[in-house]
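Data block below; observations after.
The values are calculated or read from the model by the stated rules, or taken from the named source; none is laboratory data. None of the values given here were measured: they were computed from a predicted structure. All Cβ positions, even for glycine, are placed from backbone atoms using ideal geometry, and neighbour counts span all protein chains on display.
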Amino acid sequence: MLLVTGAAGKTGRAVLRALSRRGAPTRAFVRSSEQARALDSLEISEVVLSEIVIGDLTDRRALANAAAGCAAIYFICPNMHPEELAIANLMIDAAHASDCRRLVYHSVLHPQTEAMPHHWQKLRVEARLFESGLETTILQPCAYMQNVLAARCEIETKGCYRIPYSAESRFSWVDLEDVAEAAAMVLTEPGHEGAIYELSGPQRLSSREVAQHLALGIGRAVQAQVIPLTDWQHDARQRGLPAATLTNLSKMFEYYDRYGLAGNSRTLAALLSRQPTDFRTFVERELDSPEPSMP
Ligand SMILES: NC(=O)c1ccc[n+]([C@@H]2O[C@H](COP(=O)([O-])OP(=O)(O)OC[C@H]3O[C@@H](n4cnc5c(N)ncnc54)[C@H](OP(=O)(O)O)[C@@H]3O)[C@@H](O)[C@H]2O)c1
């Protein structure tokens with residue numbers, strides 16, 4: 001039995017699907033009965049989940065119960081959770097309490113980046129894992145290609161891909177499906193203990209180039225439009241984004257503006273024994289479009 005935390009999020013669902021393709025019995029840890037129902041029914045109906053457990057990641061007893069009888073844990077912490085290190089400590093304790101020796105941590109590319117607090121927090125979790133006495137593997141994905149689809153409606157209706165950082169900053173966008181395939185592999189195959197794997201896509205694309213790919217995918221012009229960070233912050237406040245998340249995202253965008261986020265795809269290619277998905281292939285798969293083609 002494998003335990004996946006944060007299982008109802010976009011990462012968790014992708015990992016569950018990848019594990020189900022491998023036929024691995026899986027226990028999904030989710031926060032609410034609505035999330036449990038969503039997993040169990042429509043959204044990922046192809047997944048044959050062995051069990052769904054409802055609980056809070058900050059609840060020591062819930063984590064210990066969830067880990068009981070598991071051979072390995074895939075530890076996904078919610079995005080930008082302020083208590084990620086404390087939750088990691090609870091997760092490690094739960095693993096020990098249930099004699100689960102193996103833990104795979106879903107980290108992030110360049111956790112060393114102190115200027116982005118949610119990256120820096122993951123570095124501290126990684127350091128804690130080294131001291132945990134568990135057999136650990138750490139996956140460090142770059143930004144998912146799927147993030148771009150959050151603005152899909154605006155991209156399709158207005159031909160506008162809005163970003164609060166330089167359109168020239170470059171990112172090694174990675175396909176979440178590739179990340180999930182790698183996650184399922186390291187969870188179900190031996191030989192990955194002690195490894196740290198950077199998971200990046202095969203191109204370093206600017207937002208202008210992302211917009212070009214999107215344009216070909218949907219069959220209409222798409223422009224990357226840089227909006228002032230202050231405008232983004234104003235909108236985010238109007239939408240009720242929590243203050244801590246707003247601060248974290250603002251720091252991330254300031255960093256992106258100067259440096260982007262670029263890695264190298266060779267580790268992911270070696271793990272998958274194939275080239276990781278490129279942005280064009282991702283767009284063709286995700287966006288319903290007539291025969292997109294790049295010049
Ligand atoms: N997005 C990227 O490009 C990217 C790249 C690299 C790494 N990552 C990392 O990937 C991880 C997962 O991100 P994600 O966007 O897939 O996850 P997410 O949606 O932020 O969270 C995953 C799930 O955890 C649940 N959750 C939140 N607080 C909880 C709590 N206290 N107890 C139990 N469950 C709780 C959420 O439920 P609710 O919906 O109810 O809150 C959600 O279903 C993050 O650590 C992120 O940093 C993301």
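One line per residue, one yes/no per condition, for (1) closer than 21 Å to Ala7 by Cβ; (2) assigned to a strand (DSSP E or B); (3) modelled with pLDDT of 95 or more; (4) away from the ligand (no atom under 15 Å from the Cβ):
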position	(1), (2), (3), (4)
Ser132	no, no, yes, yes
Ala151	no, no, no, no
Ala180	yes, no, yes, no
Ala183	yes, no, yes, no
Gln212	no, no, yes, yes
Ala215	no, no, yes, yes
Arg220	no, no, no, yes
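Inside segment 12-30, can you point out the residues that are within 20 Å of Ala150 (Cβ to Cβ) and crowded, with 24+ Cβ neighbours inside 10 Å?
Going residue by residue through segment 12-30, those that are within 20 Å of Ala150 (Cβ to Cβ) are 12-15, 17.
Passing the criteria: Gly12, Val15.
Just to be sure, is Arg13 without any contact (Cβ under 8 Å) to a residue 24 or more places away in the chain and either in a loop (DSSP other than H, G, I, E, B) or among the basic types (Lys, Arg) (or both)?
Numbers: without any contact (Cβ under 8 Å) to a residue 24 or more places away in the chain: no; either in a loop (DSSP other than H, G, I, E, B) or among the basic types (Lys, Arg) (or both): yes.
Considered against the rule, which asks whether it is without any contact (Cβ under 8 Å) to a residue 24 or more places away in the chain and either in a loop (DSSP other than H, G, I, E, B) or among the basic types (Lys, Arg) (or both), Arg13 comes out as no.
Pick out the one residue from Ala94, Ala86 that is surrounded by 15 or more Cβ atoms within 10 Å (Cβ to Cβ) and without any contact (Cβ under 8 Å) to a residue 40 or more places away in the chain. Quick ask: steps written out before the conclusion?
Numbers: Ala86 fails: surrounded by 15 or more Cβ atoms within 10 Å (Cβ to Cβ).
On inspection, the qualifying residue turns out to be Ala94.
Looking at segment 15-33 only, could you name the residues that are touching an Asp or Glu at 6+ places or on another chain (Cβ under 8 Å) and within 15 Å of the ligand (Cβ to nearest atom)?
Passing the criteria: Arg17, Ala18, Arg27, Ala28, Arg31.
Return a yes/no flag: does segment 33-42 have any residue that is at pLDDT 90 or above, of a type outside the set (D, E, K, R) and either surrounded by fewer than 14 Cβ atoms within 10 Å (Cβ to Cβ) or in contact with a strand residue (DSSP E or B) (Cβ under 6 Å, 6 or more places away or on another chain) (or both).
Checking segment 33-42: at least one residue is at pLDDT 90 or above, of a type outside the set (D, E, K, R) and either surrounded by fewer than 14 Cβ atoms within 10 Å (Cβ to Cβ) or in contact with a strand residue (DSSP E or B) (Cβ under 6 Å, 6 or more places away or on another chain) (or both).
What is the one condition in (1) within 13 Å of the ligand (Cβ to nearest atom); (2) over 20 Å from Ala183 (Cβ atoms); (3) outside any helix (DSSP H, G or I) that Ala38 does not satisfy?
Answer for Ala38: the failing condition is (3).
Quick check: anything in segment 74-87 over 27 Å from Asp175 (Cα atoms) and either away from the ligand (no atom under 13 Å from the Cβ) or hydrophobic (A, V, I, L, M, F, W, C) (or both)?
Yes, segment 74-87 has at least one match.
For Gly55, indicate whether it is at pLDDT 95 or above, under 24 Å from Ala195 (Cα atoms) and near the ligand (Cβ under 9 Å from one of its atoms).
Working: at pLDDT 95 or above: yes; under 24 Å from Ala195 (Cα atoms): no; near the ligand (Cβ under 9 Å from one of its atoms): yes.
Judged against the criteria, Gly55 is not a match.
Identify, from the list Arg204, Arg208, the residue that is within 22 Å of Arg280 (Cα to Cα), modelled with pLDDT of 95 or more and under 19 Å from the mean Cα position of the chain (by Cα).
Working: Arg208 fails: under 19 Å from the mean Cα position of the chain (by Cα).
Being within 22 Å of Arg280 (Cα to Cα), modelled with pLDDT of 95 or more and under 19 Å from the mean Cα position of the chain (by Cα) holds for just one of Arg204, Arg208, which is Arg204.
Okay, residues lined up against (1) surrounded by 19 or more Cβ atoms within 10 Å (Cβ to Cβ); (2) within 23 Å of Gln112 (Cβ to Cβ):
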{"residue": "Ala211", "(1), (2)": "yes, no"}
{"residue": "Gln223", "(1), (2)": "no, no"}
{"residue": "Asp231", "(1), (2)": "no, no"}
{"residue": "Ala236", "(1), (2)": "no, no"}
{"residue": "Gly263", "(1), (2)": "yes, yes"}
{"residue": "Ser273", "(1), (2)": "no, no"}
{"residue": "Phe282", "(1), (2)": "yes, no"}
{"residue": "Arg285", "(1), (2)": "no, no"}
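Quick one: which of Ala66, Ala62 is more than 9 Å from the ligand (Cβ to nearest atom) and not aromatic (Phe, Trp, Tyr)? Full working, then the answer.
Details: Ala62 fails: more than 9 Å from the ligand (Cβ to nearest atom).
Of Ala66, Ala62, the one residue that is more than 9 Å from the ligand (Cβ to nearest atom) and not aromatic (Phe, Trp, Tyr) is Ala66.
Within segment 138-145, is there a residue that is out of contact with any Lys or Arg (no Cβ under 7 Å at 6 or more places or on another chain), away from the ligand (no atom under 11 Å from the Cβ) and either at pLDDT below 95 or of a type outside the set (A, V, I, L, M, F, W, C) (or both)?
As a first pass, look at segment 138-145 and keep what is out of contact with any Lys or Arg (no Cβ under 7 Å at 6 or more places or on another chain): 138-145.
Next cut, away from the ligand (no atom under 11 Å from the Cβ) only: 138.
If we keep only those that are either at pLDDT below 95 or of a type outside the set (A, V, I, L, M, F, W, C) (or both) too, we end up with none.
No: segment 138-145 contains no residue that is out of contact with any Lys or Arg (no Cβ under 7 Å at 6 or more places or on another chain), away from the ligand (no atom under 11 Å from the Cβ) and either at pLDDT below 95 or of a type outside the set (A, V, I, L, M, F, W, C) (or both).
For segment 89-129, give me each residue that is within 11 Å of the ligand (Cβ to nearest atom) and more than 19 Å from the chain's Cα centre (by Cα). Quick ask: steps written out before the conclusion?
At the first step, the residues of segment 89-129 found to be within 11 Å of the ligand (Cβ to nearest atom) are 90, 105-111, 116, 118-119, 121-122, 125.
Scanning segment 89-129 gives a single hit, Leu90.
Since Ala150 meets every condition but one in (1) within 16 Å of the chain's Cα centre (by Cα); (2) within 19 Å of Lys251 (Cα to Cα); (3) surrounded by fewer than 16 Cβ atoms within 10 Å (Cβ to Cβ), which condition does it not meet?
(2)
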